[in-house]
Amino acid sequence: MSALLRPRHRSALVLALCAVLLLVFAAALALGAARLPLDTLWLGLTGRADRLPPLDQTVLLSIRLPRALAAVLVGAVLGLCGAAMQGLFRNPLADPGLIGVTGGAAFGAVLAVKFAATALASVSIFLGQLVLPACALAGALLATAVMHRASILEGRVVVALMLLAGVGINALAGAGTGLVLFFAADDQLRQFTFWTLGSLAQVSWAKLGVALPFVLPAAILVPLHARALNALLLGEAEAGHLGVDLARLKRHLVFATAAGVGAAVSIAGGIGFVGLVVPHLVRQTIGPDHRWLLPASALLGATLLLAADLLARTIAVPAELPVGVVTAALGAPVFFNLLRRGRRDRVFS
């Protein structure tokens, strides 16, 4: 295992992650097909955008700022919830997708694309933009509710049943998604395929407004259970002896993850490897203490997704790559390296 940071150095790491995030955020606002100087950013972000040319105002405030904020929001909640799921299942390979969140969101999204998006867009452009994220979020929450109900045995939530129920829900949602796609038109297939690849290109202030009420409670609730997750590292029986209400902990974390990740997936589509790799990297640096692991995972997840989105829209200007492709291309080698190191150090035994 790599050497862990000493406790007094962990706060310095968190501060360094905050500084890096701010630098990448500024780069995301400034760079692109149209470059914006730092004085333009300063005027736009300090409430003096009326002094800017109309084109600069539109690029900064209507396109790049909501997109950058969405990348921070999505990356942070994926990293945070990934760390929480790995702690809850006591499994370094756990991921929010295991409990059926992404499968349910995909099914809700394909239903929106097939039956609702075009019809509502003809009535109202605003409703047409919001129907896909709203349906994806509803699908994620519904799948999680079914999974939670199926994992209850003799009045308590069983983690093994939760995993099995998540696998079953993902399989069922995948079958439903495939059936709907079989009858979809070519333009609907293209729209859904682009959504599954992950993209922040269609982010707007309205979509952020839909996701925020679900992301913020998750971002607040999950860190409150850091000490309980630390106790759970010893095992469920030991955590119960230490006074942890296991049923309450599981219920809160599962539904907080479903709300947060469901909202993130609803506005950004399929973003792979962030919730899996980021907690690994942080844990190898600062250790398993969730009081530090959770906030550091959120900061690193936000930074990585923001950097990946910046790369996706600048590497092939004027074309734009799906950000999910970039995160997968960057995350897969890191993940295999973690597996190699884990086998060498017997982490997974």
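A few comments on the model shown:
- Pairs meeting the criteria (first residue in region 316-342 and part of a helix (DSSP H, G or I), second residue of a type in the set (D, E), beta carbons under 6 Å, at least 6 apart or on different chains) are V323/D309.
- Qualifying residue in region 189-198 (condition: at pLDDT below 85, more than 30 Å from L311 (Cβ to Cβ), over 18 Å from the mean Cα position of the chain (by Cα) and hydrophobic (A, V, I, L, M, F, W, C)): no
- Number of positions in region 168-200 that are in a loop (DSSP other than H, G, I, E, B) and closer than 27 Å to E320 by Cα: 5
- Unique residue being free of Cβ contacts under 8 Å to residues at least 12 places away in the same chain, under 16 Å from M85 (Cα atoms) and not hydroxyl-bearing (S, T, Y) when the list is R248, R291: R248
- Condition check for G32: at pLDDT below 95, under 30 Å from V167 (Cα atoms) and either loosely packed, with under 14 Cβ neighbours inside 10 Å or of a type outside the set (D, E, K, R) (or both): no
For (1) surrounded by fewer than 19 Cβ atoms within 10 Å (Cβ to Cβ); (2) under 24 Å from the mean Cα position of the chain (by Cα); (3) closer than 25 Å to A268 by Cα, each residue gets a yes or a no:
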{"residue": "D56", "(1), (2), (3)": "yes, no, yes"}
{"residue": "R64", "(1), (2), (3)": "no, yes, yes"}
{"residue": "A71", "(1), (2), (3)": "no, yes, yes"}
{"residue": "Q86", "(1), (2), (3)": "no, yes, yes"}
{"residue": "R90", "(1), (2), (3)": "yes, yes, no"}
{"residue": "A94", "(1), (2), (3)": "no, yes, yes"}
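- Given (1) under 24 Å from A218 (Cα atoms); (2) in contact with a Leu (Cβ under 7 Å, 6 or more places away or on another chain); (3) surrounded by fewer than 24 Cβ atoms within 10 Å (Cβ to Cβ); (4) not basic (K, R), number of the condition P322 does not satisfy: (1)
- Unique residue being of a type in the set (A, V, I, L, M) and either within 23 Å of V274 (Cβ to Cβ) or assigned to a helix (DSSP H, G or I) (or both) when the list is A34, A26: A26
The values are calculated or read from the model by the stated rules, or taken from the named source; none is laboratory data. Predicted, not measured: the structure shown is a model, and the values here were computed from it. Glycine gets a Cβ as well: all are built from the backbone with ideal geometry, and neighbour counts include every protein chain shown.
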